[in-house]
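Data block below; observations after.
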Amino acid sequence: MTSREFCGLCGKEAAEAGHPDCIVLLALEPPRYCTRCGRRLKVQVTPRGWSADCIEHGPLHG
Amino acid sequence: MTDIVERARSQVLERGVGLGYDDLVEVLRLPDERIPELLEVAHAVRLKHCGPEVEVEGIVSLKTGGCPEDCHFCSQSGQFTSPVRAVWLDIPQLVKAAEETAATGATEFCIVAAVRGPDERLMAQMRDGVRAIREAVDINVAASLGMLSQEQVDDLKEMGVHRYNHNLEAARSYFGSVVTTHTWEERWETCEMVRASGMELCCGGLVGMGETLEQRAELAAQLAELGPHEVPLNFLNPRPGTPFGELPLMSAADALRAIAAFRLAMPSTILRYAGGRELTLGDLGTRDGLLGGINAVIVGNYLTTLGRDADEDLALLAELKMPIKELAKTL
C-alpha cells in the first residue's frame, strides 16, 4: 500500500489534477495543510519565516 | 482648465496642497500612457515633502485567526471557511520576531491581533510583550488591535506604543459592502481617539476590492481629511474561503495610479507599501511604486502570507539610492 500525499495549500490529494496554481502560490504562502495527512495546520507567520504544527505529525518550519 | 498632471505639479509639488476628490478621480482615470509622467510628479512630491528616506517596518501577528468580524477580504475571520486556524504567539517568539525585524534595519515593529478590539488577556499580553521588546531591542513598537476604548488608548500610550494602526479599509460609501459587523464611523472614532492621545496614527486601507474609481478616490480624500501620520496601502490578495476570494487581482496599472493618487492626496504622509504588492505589482511594479510616491515598506512576511525576501527589498532600496530612515530620526 502506498502512502497518500496532500497539497499543502488546498489540502486535497496531491495526486488529483489541478495543483499548478497551488505550487505557484506556495512561494508566497505557508502551508495550511499537512502534506502527510491533509489535516489543517496551526500556522504562525513571522517576519522572516513561518512555523506550523500538525496535531498528528508535529512541527514544520520554513 | 489645466491638465490634471500640471495641476498636481503646481498645487501639490509647488505648494504642498493635496488634491481633492474631483482631481483624484481624474488622476485615477488617466490613460496608461500617462502613468510614467504621473509617477514622476508623485515621486517629486514625495522627495520634496518627505525627503529621500524610506521607513522600514516589520509586522507580526500576536493573535491569528478566529476574529468575530466579517471583513470580506480577511482570511482571519472566524465567519468564513478559510484554512487559517487560531494561534497565539508567546512572548519569547514575539521578542525574536522584533529582533529579526530590527536586524533588517527596520525602525518599526507592529504587533497585530485579529480581534474586534482587545480584551483583558490581549492587553496583558501586550503589556508584557512591549516591555520585553523594549528591554531587548532598539525599535519603535506599534500596535494594531482593532477598535479601542479611551482607557485602552491611554494604556497603550502608557506602555510605550508609539504608533497605532487602524485602517478605514474602504471608502465610507463602500464600507457596507466590505464589513457588516461594525461601521466605518466606529473606525473613524478609534482613529480620532488615537490621534488625540499623542500616539502617531497609522490609517490606510485596501484597493482592488471591487470599489469604483470614484470610491477609491473617496477613500484617499477621506484619509487626507483624517490626516494620519502613516497610510498603509494594501492591494487585495484574494484569500480562499473569503467573500472576496474570487475577485480578480487589480491590474498593475491601476495599482500605480492608486499609489500616485494617494501621494497626491497626502503630500507629506508616510505612504507605505503593505500587503498584496508582490502579486499585484511584481518586482518591476514594486520599483515603479517606489519611484511613484511610496516612501515606506513592510519588509519580510505579512500576517498570514509571505512577502518578498527582506534582503531583496533592502537591495532594491540601495540600488535606488533611497536611504533607510534611522531610529534616531523617528523618535
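Some observations on this one:
- Within segment B:225-252, the residues that satisfy the criterion of being of a type in the set (Gly, Ala, Ser) and over 21 Å from B:Ala142 (Cβ atoms) are B:Gly241, B:Gly245, B:Ser251, B:Ala252.
- Taken together, B:Gly208, B:Gly176 contain a single residue that is touching a strand residue (DSSP E or B) at 6+ places or on another chain (Cβ under 7 Å) and over 21 Å from B:His229 (Cβ atoms), which is B:Gly208.
- Number of the condition not met by B:Pro83 [criteria: (1) surrounded by fewer than 22 Cβ atoms within 10 Å (Cβ to Cβ); (2) in a loop (DSSP other than H, G, I, E, B); (3) modelled with pLDDT of 95 or more]: (3)
- Residue in segment B:57-76 that is free of Cβ contacts under 8 Å to residues at least 40 places away in the same chain and touching a Cys at 6+ places or on another chain (Cβ under 9 Å) present: no
- The set of residues in segment B:72-109 that are among the hydrophobic types (A, V, I, L, M, F, W, C) and in contact with a Phe, Trp or Tyr (Cβ under 9 Å, 6 or more places away or on another chain) comprises B:Phe73, B:Cys74, B:Ala97, B:Ala98, B:Ala102.
- The set of residues in segment B:137-161 that are touching a helix residue (DSSP H, G or I) at 6+ places or on another chain (Cβ under 9 Å) and of a type in the set (A, V, I, L, M, F, W, C) comprises B:Val137, B:Ile139, B:Val141, B:Ala143, B:Leu145, B:Met147, B:Leu148, B:Val153, B:Leu156, B:Met159, B:Val161.
- Residues of segment B:93-107 that are more than 14 Å from B:Arg134 (Cα to Cα) and not in a helix (DSSP H, G or I): B:Thr104, B:Gly105, B:Ala106.
- Number of residues in segment B:275-299 that are more than 14 Å from every other protein chain (Cβ to nearest Cβ) and under 12 Å from the mean Cα position of the chain (by Cα): the value is 3.
- Lone unmet requirement of (1) over 19 Å from the mean Cα position of the chain (by Cα); (2) under 18 Å from B:Pro323 (Cβ atoms); (3) not aromatic (Phe, Trp, Tyr) for B:Glu55: (1)
- Number of residues in segment B:242-285 that are of a type in the set (Val, Ile, Thr), in contact with a helix residue (DSSP H, G or I) (Cβ under 8 Å, 6 or more places away or on another chain) and farther than 23 Å from B:Glu326 by Cβ: the value is 2.
Table: residues versus (1) surrounded by 18 or more Cβ atoms within 10 Å (Cβ to Cβ); (2) in a helix (DSSP H, G or I); (3) touching a residue at least 12 places away in the same chain (Cβ under 8 Å); (4) more than 14 Å from chain A (Cβ to nearest Cβ).
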{"site": "B:Leu249", "(1), (2), (3), (4)": "no, no, yes, no"}
{"site": "B:Arg257", "(1), (2), (3), (4)": "yes, yes, yes, yes"}
{"site": "B:Pro267", "(1), (2), (3), (4)": "yes, no, yes, yes"}
{"site": "B:Leu271", "(1), (2), (3), (4)": "yes, no, yes, yes"}
{"site": "B:Tyr302", "(1), (2), (3), (4)": "yes, no, yes, no"}
{"site": "B:Thr305", "(1), (2), (3), (4)": "yes, no, yes, no"}
{"site": "B:Ala315", "(1), (2), (3), (4)": "no, yes, no, yes"}
{"site": "B:Lys321", "(1), (2), (3), (4)": "no, no, yes, yes"}
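- Residue among B:Asp154, B:Asp128, B:Asp138 that is assigned to a loop (DSSP other than H, G, I, E, B), surrounded by fewer than 18 Cβ atoms within 10 Å (Cβ to Cβ), of a type in the set (Asp, Glu) and more than 14 Å from chain A (Cβ to nearest Cβ): B:Asp138
- Residue list for segment B:29-61, restricted to those being part of a helix (DSSP H, G or I), of a type in the set (A, V, I, L, M) and under 28 Å from B:Cys110 (Cβ atoms): B:Leu39, B:Ala42, B:Val45, B:Leu47
- Looking only at segment B:47-93, and only at residues there that are farther than 30 Å from B:Ile294 by Cα and among the aromatic types (Phe, Trp, Tyr), the one that is farthest from the other protein chains (Cβ to nearest Cβ): B:Phe80
- Among the candidates B:Ala113, B:Ala143, B:Ala44, B:Ala98, residue that is small (Gly, Ala, Ser), away from chain A (no Cβ under 14 Å) and closer than 28 Å to B:Ser197 by Cβ: B:Ala143
- Looking only at residues of segment B:162-188 that are of a type in the set (S, T, N, Q) and either surrounded by fewer than 22 Cβ atoms within 10 Å (Cβ to Cβ) or in contact with a helix residue (DSSP H, G or I) (Cβ under 8 Å, 6 or more places away or on another chain) (or both), we find that the one that is nearest to B:Tyr273 (Cα to Cα) is B:Asn167.
- Of all residues in segment A:10-62 being among the acidic types (Asp, Glu) and either outside any strand (DSSP E or B) or surrounded by 15 or more Cβ atoms within 10 Å (Cβ to Cβ) (or both), the one that is nearest to the other protein chains (Cβ to nearest Cβ): A:Glu29
- Total residues in segment B:155-205, condition in contact (Cβ under 8 Å) with a residue 24 or more places away in the chain, within 22 Å of B:Gln125 (Cα to Cα) and charged (D, E, K, R): 4
The values are calculated or read from the model by the stated rules, or taken from the named source; none is laboratory data. Since the structure is predicted, the reported quantities are computational estimates derived from the model, not experimental observations. Neighbour counts are summed over all protein chains in view; Cβ atoms, including those assigned to glycine, are modelled from backbone coordinates with ideal geometry.
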